[in-house]
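Report on one structure; see the data block that follows.
The values are calculated or read from the model by the stated rules, or taken from the named source; none is laboratory data. Everything numeric here is computed off the predicted structure, so don't read it as measured data. When we count neighbours, we look across all protein chains shown, and the Cβ atoms used for this are built from the backbone with ideal geometry, even at glycine.
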Amino acid sequence: MFKSETVRKLFSYTTNRNITFLKPIRISNNMNADSKPVSILLVDDDEINNFISIKLIKKAIENTEISACLNGRFAIDELLQIQKKDPNELPDFILLDINMPIMNGWEFLDEYRRLNIDPLGKSKIFIISSSVFSNDINKAKSYPLVKNFISKPLSVDKIKEMFAV
């Protein structure tokens with residue numbers, strides 16, 4: 001299931017086969033103990049890419065809570081659970097890959113909109129893809145939900161720019 005023992009140790013499955021990564025809150029000079037972490041949902045089927053992305057995000061942003069789902073269907077299920085429980089807990093950012101099994105990024109966006117998961121627009125969605133095809137970039141721009149199209153691989157600079165850190 002996991003490609004290496006190192007990666008396996010950093011990932012833990014929940015009952016609906018999502019992977020959850022949590023980082024303890026760090027207190028910096030401009031934060032206090034009550035500061036809410038930036039919440040990020042990473043939707044990508046590549047476990048190694050998830051591992052790298054999480055490391056880079058943690059390096060770029062100190063106060064984060066990161067969850068990852070291996071495809072769009074698991075992400076929709078997770079978001080619906082959060083919405084039922086407390087819509088204020090929806091993630092601040094959703095980083096969405098395009099090419100995934102079961103439910104790809106485009107299908108995720110259509111379902112997310114159809115189900116009206118985030119009527120207040122709390123979550124900012126970014127397409128994170130290795131695709132360099134102009135039709136994918138243009139299609140991403142056609143979705144009002146999508147804030148931007150970011151080409152993989154991610155870097156600390158791209159992350160800081162995306163989150164305006």
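When the stretch 25-67 is filtered for residues that are at pLDDT below 90 and among the polar types (S, T, N, Q), the ones remaining, listed by number, are S28, N29, N30, N32, S35, N63.
Scanning the stretch 66-85 for residues that are under 17 Å from I102 (Cβ atoms) and assigned to a helix (DSSP H, G or I) turns up G72, R73, F74, A75, I76, D77, E78, L79, L80.
The residues listed here are L22, L70, L80; of these, the one that is at pLDDT 50 or above, farther than 18 Å from I150 by Cα and exposed (fewer than 15 other Cβ atoms within 10 Å of the Cβ) is L80.
Remark: K58 falls outside the filter, which requires a residue to be under 20 Å from I150 (Cβ atoms) and in contact with a strand residue (DSSP E or B) (Cβ under 6 Å, 6 or more places away or on another chain).
Looking at the stretch 108-124, is at least one residue modelled with pLDDT under 95, within 16 Å of L42 (Cα to Cα) and in contact with a helix residue (DSSP H, G or I) (Cβ under 8 Å, 6 or more places away or on another chain)? There is at least one residue in the stretch 108-124 that is modelled with pLDDT under 95, within 16 Å of L42 (Cα to Cα) and in contact with a helix residue (DSSP H, G or I) (Cβ under 8 Å, 6 or more places away or on another chain). Taking the criterion of being in contact with a Leu (Cβ under 8 Å, 6 or more places away or on another chain) and in a strand (DSSP E or B), the only residue of the stretch 53-65 that qualifies is E65.
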